[in-house]
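Take a look at the structure below.
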Amino acid sequence: MNESLLRRAEEALLPPIVALLIALILGDVLILLFGESPLHVYGRMIEGAWGNPYGFAQVLYKTTTLTFAGLGIALALRAGLFNIGAEGQLAAGAFGAAVMGITLPAGTPALLAVPLCLLAAAAAGLLAGGLPGVLKTKFGAHEVIVTIMLNFVILALLNWVIVEHLRVADTLHTAEIRAGAVPRLSEFIPAFHGSATNVTFLFAMAAAAWCWWYLFRTPGGYALRATGLQPEAAEYSGIRVGRVWMKAMALAGVLAALGGTNFVLGYKHYYEDGFTGGSGFLAIAVAIVGRNHPFGVVLAAFFFATLSQGGLAIHALVPKQMVEVLQGVVILAMAASVPEVQRALRGARKAVAA
């Protein structure tokens, strides 16, 4: 049993570590080309992200959105589906929560208002994620094409609704919600004062725990993973693959959509066009680097959030695109290192066994 756990830990942890080392080496080369010291640049990056309470709190805020969206993508990947619609699902969830918060009367108890806003966000995500699942199952439409095009449809539709019905003055955002706001963590940790991080961070951690339980401790999770590994064999064993696909895409949409509540309920308290800032697309990298494991997604989200926040501290030293290059290098290194590391591990085990 211990040997099995050790083997699984090696296969889960070594590829990301190797990818990170490759990224750091290539990052060193790029930094040297700009005439700076890699040690100094990385030190400034870590200082900006973890070296002060505000920076660390901002990392947690960015981790929240990336965790929700990453979980949505990872769950779909576990079922053998590629959900590229997290950007639109984030927006749909934020809009649903904002509309519910605007509709509820002022003074609605938080114990009622917050769950209702979360349910509204989940319902919007259910629609945004469930539709591609239905189209794939019933009509054979490829989920990659459908989800990526739905991003544009959802964002354009929400902009039209805001401009025609919900716009405040000359802005592209709704009015502030009257109920459903959640407290910022600075109310409990004064050192986080001024940061946007809020209670939805705890919701994201709970969502990751739920995903782990669902995937590895329930019959539904087993069916989802079996379908992702070999749909034909799963169908032969009695699993209704089409139903699993629809359920997986619906759950993926719900999880990603809940990431929008981080902005609406915990930060600005209104929906605003463009608030996602590409988080839905970055979440694809989060899921891949996290190896589609819920807890791996949390760690990967924290890593990319650290890069994002730390990158703000090094703009005076290297171009701001440096962080984006590092993110891309990590993804490419991860894709290349996984099969190579697995092959090396198998070779090492055979050598030991011989």
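Do you know which residues across the stretch 228-250 are part of a loop (DSSP other than H, G, I, E, B) and either surrounded by 17 or more Cβ atoms within 10 Å (Cβ to Cβ) or touching a residue at least 60 places away in the same chain (Cβ under 8 Å) (or both)? Before you say what the answer is, go through the steps one by one.
If we filter the stretch 228-250 for residues that are part of a loop (DSSP other than H, G, I, E, B), which is where we start, we get 230, 237-240.
Passing the criteria: only I239.
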| query | Looking only at helices (runs of 4 or more DSSP H) that fall completely inside the stretch 24-104, which ones have 1 or more residues that are among the acidic types (D, E) and out of contact with any Leu (no Cβ under 8 Å at 6 or more places or on another chain)? | reply | 38-50
| request: Inspect the stretch 122-138 for any residue being touching a residue at least 12 places away in the same chain (Cβ under 8 Å), of a type in the set (K, R) and in contact with an Asp or Glu (Cβ under 7 Å, 6 or more places away or on another chain) and give the result as yes or no. | output: yes
| task | Could you tell me which numbered condition F152 fails, if it satisfies all but one of (1) buried (at least 24 other Cβ atoms within 10 Å of the Cβ); (2) modelled with pLDDT of 95 or more? | result | (1)
| Every residue from the stretch 271-291 that is part of a loop (DSSP other than H, G, I, E, B) and surrounded by fewer than 22 Cβ atoms within 10 Å (Cβ to Cβ) | D273, G274, F275, G277, G278, R291
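Of all residues in the stretch 162-203, count the ones that are in contact with a Leu (Cβ under 8 Å, 6 or more places away or on another chain) and among the aliphatic types (A, V, I, L, M).
As a first pass, look at the stretch 162-203 and keep what is in contact with a Leu (Cβ under 8 Å, 6 or more places away or on another chain): 162-163, 174-175, 177-182, 185, 192, 195, 197-201, 203.
This time we only want the ones that are among the aliphatic types (A, V, I, L, M), so: 162-163, 175, 177, 179, 181-182, 185, 199.
Within the stretch 162-203, residues that are in contact with a Leu (Cβ under 8 Å, 6 or more places away or on another chain) and among the aliphatic types (A, V, I, L, M) number 9.
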| query | Looking at the stretch 192-208, which of the residues that are surrounded by 13 or more Cβ atoms within 10 Å (Cβ to Cβ) and assigned to a helix (DSSP H, G or I) is farthest from the chain's Cα centre (by Cα)? | reply | F192
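Could you tell me how many of the residues in the stretch 175-196 are under 22 Å from P109 (Cα atoms) and not aromatic (F, W, Y)?
Filtering the stretch 175-196 for residues under 22 Å from P109 (Cα atoms) gives 175-188.
In the following step, the residues that additionally are not aromatic (F, W, Y) were identified as 175-187.
Residues in the stretch 175-196 being under 22 Å from P109 (Cα atoms) and not aromatic (F, W, Y): 13 in total.
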| remark: When A74 is run through (1) in contact with a Phe, Trp or Tyr (Cβ under 9 Å, 6 or more places away or on another chain); (2) buried (at least 24 other Cβ atoms within 10 Å of the Cβ), the failure sits at (1)
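State whether one or more residues within the stretch 187-210 are in contact with a His (Cβ under 8 Å, 6 or more places away or on another chain) and either touching a residue at least 24 places away in the same chain (Cβ under 8 Å) or of a type in the set (S, T, Y) (or both). Show your work before the answer.
First, the residues of the stretch 187-210 that are in contact with a His (Cβ under 8 Å, 6 or more places away or on another chain): none.
Scanning the stretch 187-210 turns up no residue that is in contact with a His (Cβ under 8 Å, 6 or more places away or on another chain) and either touching a residue at least 24 places away in the same chain (Cβ under 8 Å) or of a type in the set (S, T, Y) (or both).
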| task | Could you grab me the full set of residues in the stretch 177-191 that are under 22 Å from L66 (Cα atoms) and not in a loop (DSSP other than H, G, I, E, B)? | result | R184, L185, S186
| remark: Residues in the stretch 117-148 that are surrounded by fewer than 18 Cβ atoms within 10 Å (Cβ to Cβ), farther than 15 Å from L251 by Cα and not β-branched (V, I, T) total 5
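Let me confirm something: among I239, I314, I288, which residue is over 30 Å from I162 (Cα atoms) and at pLDDT 95 or above? Write out each step before concluding.
On the way: I314 fails: at pLDDT 95 or above; I288 fails: at pLDDT 95 or above.
Sole residue among the options that is over 30 Å from I162 (Cα atoms) and at pLDDT 95 or above: I239.
The values are calculated or read from the model by the stated rules, or taken from the named source; none is laboratory data. For clarity, every value in this text was computed on a predicted model and none was experimentally measured. Here the Cβ is made from the backbone with ideal geometry for all residues, glycine too, and neighbour counts use every protein chain on show.
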